[in-house]
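Asker: Just dropping this structure here.
The values are calculated or read from the model by the stated rules, or taken from the named source; none is laboratory data. This is a predicted model, so every value here is computed, not measured. Here the Cβ positions follow ideal geometry from the backbone for every residue, glycine too, while neighbour counts run over all protein chains shown. These area figures cover heavy atoms from the full protein model, side chains too; ligands, DNA and RNA do not enter into them. Shrake-Rupley method; radii C 1.70, N 1.55, O 1.52, S 1.80 Å.
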Amino acid sequence: MEAVEFVRDLRGGITVVVGGQPQSYVDPSDPGHLAFEYVQHLAAVITATQPEAPARLAVTHIGGAGLTLARWLEHTRPGSPQVVHEPDATLTHRVRQELPLRRGHRIRVRAKGGREGLGDLRDASADVVVVDAFVGGRVPAELTTMECLREVARVLRPGGLLLLNTADEPGLRHTARVLAGVIGVFGRAVVPPRHITDHVALVAMHDVLKGRRFGNAVVAASAAPLDIEEIARQVARCAFPTAVRSGAELARLVAGARPLTDADGIPSPEAPDPAGWRVR
């Protein structure tokens, strides 16, 4: 079992550290404060694609840790029914002790892995599925395969949104394979790949997209076209320089990449020492 730490800063925020890896940042006094850049990206895409706030959203989370995004959703869309699949029951217990949820929330945490949890969900039961799970600092292989993505598509309502957070090295070769699978499931009507439209997008910081360092990248996908311009407007408000890739740019990144499957899936690359993340 990986060690869990709660590291407090001078502003009152708390970083949940699991096995030496920062997993979540929670500001108990302000659930709208999102410190990690990729969590800002997740929130920006939800805001852009689900604009009827504060209307409630049915959201399934694969990965829980400090429940940062679930707290933000409860803050911005009170009463939204949310299911979080977090297999580490001890971590969830510690988080609830150290960072209790506000009264009246509808966040249910189930001690299940992502694939098991998805299999238990009804067809067309979620508006949004968020895959944001790391084990030992890497996204587990089984959460990025074609088989898993088909389960996500089954669970999503028509026009529902997939958000998948991954991490990769310069070149984004692993991300390209993840995207190839996402396009195969959510953009299957778009053939050949060079004609990818706006059913799939990639959001990341500029230096990650330009191959200057290791970092997170958020994949967004839907069976319905995404509003790429609105996503770009929302991510432009983030505290970190961020860009959106879609269409022809995404097609160039994915060209030649094979989708991951349960037979040949691999976890995301291991992060280097934080001091060496900027490699070029």
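Asker: Relative contact order of segment 204-266: what whole-number percent is it, with Cα pairs under 8 angstrom and at least 6 residues apart?
Answerer: 32
Asker: Quick one: plug the Kirkwood hydrodynamic radius of segment 32-74 (C-alpha pairs) into Stokes-Einstein at 4 °C, 1.567 mPa s, and report D in µm²/s.
Answerer: Taking Rh from Cα pairs, D becomes 117 µm²/s.
Asker: Please tell me the relative contact order of the chain in percent, rounded to the nearest whole number, where contacts are Cα pairs under 8 Å and at least six residues apart.
Answerer: This gives 18 percent for the chain.
Asker: I've got another one for you. Could you size up the charge dipole of segment 118-189 around its Cα centre, putting +1 on the beta carbon of Lys and Arg and -1 on that of Asp and Glu, and report it in debye to the nearest 20?
Answerer: In total the dipole reaches around 220 debye.
Asker: May I ask which residue of P54, V83, P267 lies farthest towards the positive end of the charge dipole of the chain, with charges of +1 (Lys, Arg) and -1 (Asp, Glu) on Cβ and the Cα centre as origin?
Answerer: Of the options given, the answer is P54.
Asker: Also: When the distances between all Cα atoms of the chain are binned every 10 Å from zero, what whole-number percent does each bin get?
Answerer: 7, 31, 40, 20, 3, 0
Asker: Using +1 at the Cβ of each Lys and Arg and -1 at the Cβ of each Asp and Glu in the chain, identify which of A236, A257, G184 lies farthest towards the dipole's positive end.
Answerer: A236
Asker: Ignoring ligands, DNA and RNA, what accessible area per residue does the chain give at 1.4 Å, in Å²?
Answerer: 45
Asker: About its Cα centre, how strong a charge dipole does segment 38-194 have in debye, to the nearest 20, once Lys and Arg get +1 and Asp and Glu get -1 at the Cβ?
Answerer: With only Lys, Arg, Asp and Glu charged at Cβ, the dipole is about 300 debye.
Asker: Another question, if that's okay. Could you pull the accessible area for I266 with a 1.4 Å probe, rounded to 10 Å²?
Answerer: 80
Asker: I've got another one for you. Of the heavy-atom accessible surface of segment 144-185 (probe 1.4 angstrom), what whole percent is carbon and sulfur?
Answerer: 52
Asker: At what distance in nm do the modelled label points of R8 and A111 sit from each other, each positioned 7 Å from its Cα along Cα→Cβ?
Answerer: The modelled label-to-label distance comes out at 2.8 nm.
Asker: As a test of understanding, state the convex hull volume per residue of segment 1-134 from its alpha carbons, in Å³.
Answerer: It comes to 104 Å³ per residue, whole-number rounded.
Asker: Now a separate question. With springs only between Cα atoms under 10 Å apart, run a GNM on the chain and tell me which of H93, H174, H41 wobbles the most.
Answerer: Per the Cα network of the chain with a 10 Å cutoff, H93 tops the list.
Asker: Let me know the charge dipole size of segment 27-98 about its Cα centre in debye, to the nearest 20, where only the beta-carbon of Lys, Arg (+1) and Asp, Glu (-1) is charged.
Answerer: For segment 27-98, the charge dipole is close to 180 debye.
Asker: At each listed q (0.13, 0.18, 0.24, 0.27 Å⁻¹), what is the log10 of I(q)/I(0) that the Debye formula gives for segment 93-163 modelled as equal alpha-carbon point scatterers?
Answerer: Values, matching the q order: -0.46, -0.83, -1.16, -1.26.
Asker: For every helix of n ≥ 4 consecutive DSSP H residues, a contribution of -39,500 (n - 2.57) applies; sum these over the chain, divide by its total residues, and give [θ] at 222 nm rounded to the nearest 500 deg cm²/dmol.
Answerer: Dividing the helical sum by the residues of the chain leaves -8500 deg cm²/dmol.
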